[in-house]
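Q: If you scroll down you'll find the structure; I have some questions about it.
What follows draws every value from the coordinates through simple rules; no lab data is involved. As the structure is a prediction and not an experimental result, all values here were calculated from the model. All Cβ positions, even for glycine, are placed from backbone atoms using ideal geometry, and neighbour counts span all protein chains on display.
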Amino acid sequence: MENEILLSDNLLPPQERSPETPADAAVPKSKWTILVLAIIFLFVYLALGVFTYSFFRDQFSGTETHPLVDALYFSIATFCTVGYGDIVPSTSTAKILTIVLVSIGVVFLDFLLNRVVSHVLSLQESAILDRIKTRNRAIRDQITENGRIRIKWKLCLAFCAVFLCVAIGALFLHFVERLDLWDSVYLSVISVTTVGYGDKAFKTVQGRGFAVFWLLLSTIAMASLFIYFAEMRIDPNTLIKLPISESEFILSKLKESGKIKEDDINRIVTEFENRENVPPSGS
């Protein structure tokens, strides 16, 4: 569907697009809005977590390093659903506040997975498509299909991102937390996959400071992998494709009637992409 929309838009004559409103002018604004909202929600959530831990510090038990770092570490570990168990509420008041923190985290996690991660993946795909747009046609056809990156390449990228998170975590744990090699890999894997058995955890202030950022990025990487797995399992034939514009409707009908083929469309799109940049009239 998205490919057909792209093709139909590309088939429009250049003069039909208003010079005052470029095709991609409104997109960055909405995308930036999503990122800004995500950052605001994250700061609000972390502020609540820091408040909960700092003002009721004596009602939490566990290994302590630095108050602020511990508070951020506890908040992120809770948000990412890792649950190491090295910092836990020990009173009813602390447990009630933790329940509130967990509930808010679930709502924000849903927003993060459904909006932010999808947005990041869209940016990633757009950047890759832009880089290969002018490359060799044979290479581009191997990577893309119907104007989008093939799912197998998306999975490869997601696996690489998860592997990179595991590798960085393992190296940090080995050289900074002073765990042996296998314990470092073990803790890194159960952290990235948000299992968090609790037998191993970050114990130094440097380690917990690192975990605040690393756990968040690892959660996004794992979410991307799950999204691509789900996309791979979806049967394209079960998706309902409805034209949303006149040009798309005409294009779909031409394809259904056999009067135009995918190769013809690709050839036209290629000609459009390779055309010389003609300055607008009046310039």
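Q: Using Cβ counts within 10 Å as a stand-in for footprinting exposure, how do MET222, MET232 rank, fewest first?
A: Ascending Cβ contact count within 10 Å gives the list MET232, MET222.
Q: Kirkwood Rh over alpha-carbon pairs of the stretch 27-262, then Stokes-Einstein at 10 °C and 1.306 mPa s: what D in µm² s⁻¹, rounded to an integer?
A: 77 µm²/s
Q: Of LYS152/LYS261; LYS95/LYS200; LYS154/LYS259, which ones are farther than 28 Å apart at the Cα?
A: Those over the limit are LYS154/LYS259.
Q: Separate question: Among LEU225, LEU37, rank each residue by its count of other Cβ atoms within 10 Å, from fewest to most, as a rough exposure measure.
A: With the sparsest Cβ surroundings first, the list reads LEU37, LEU225.
Q: Continuing with this model, one more query. Using 0.36 nm per residue, how much length does the chain from PHE249 to GLU231 gain when fully extended, once their Cα-Cα distance is taken away?
A: Going from the current span to full extension adds 3.9 nm.
Q: Quote to one decimal, in nm, the extra length available between THR65 and ILE40 on full extension: 0.36 nm per residue of separation minus the C-alpha distance between them.
A: Result for the pair: 6.3 nm of gain on full extension.
Q: Okay, next question. When the Karplus curve 6.51 cos²θ - 1.76 cosθ + 1.60 is applied with θ = phi - 60°, which whole-Hz ³J(HN,Hα) does each residue of the stretch 79-89 get, with x for Gly and Pro?
A: Values, residue by residue: 4, 7, 6, 6, x, 5, x, 7, 10, 9, x Hz.
Q: What's the exposure ranking of LYS203, LYS261, going from fewest to most Cβ atoms within 10 Å?
A: Ranked by crowding around the Cβ, least crowded first: LYS261, LYS203.
Q: Whole angstrom only: what separates the Cα centroid of the stretch 37-51 from the Cα centroid of the stretch 88-111?
A: Each part reduced to its Cα centre gives a spacing of 13 Å.
Q: Further, regarding this structure: Largest first and to the nearest Å, give the Cα extent of the stretch 65-113 along each principal axis.
A: Result, largest extent first: 30, 23, 17 Å.
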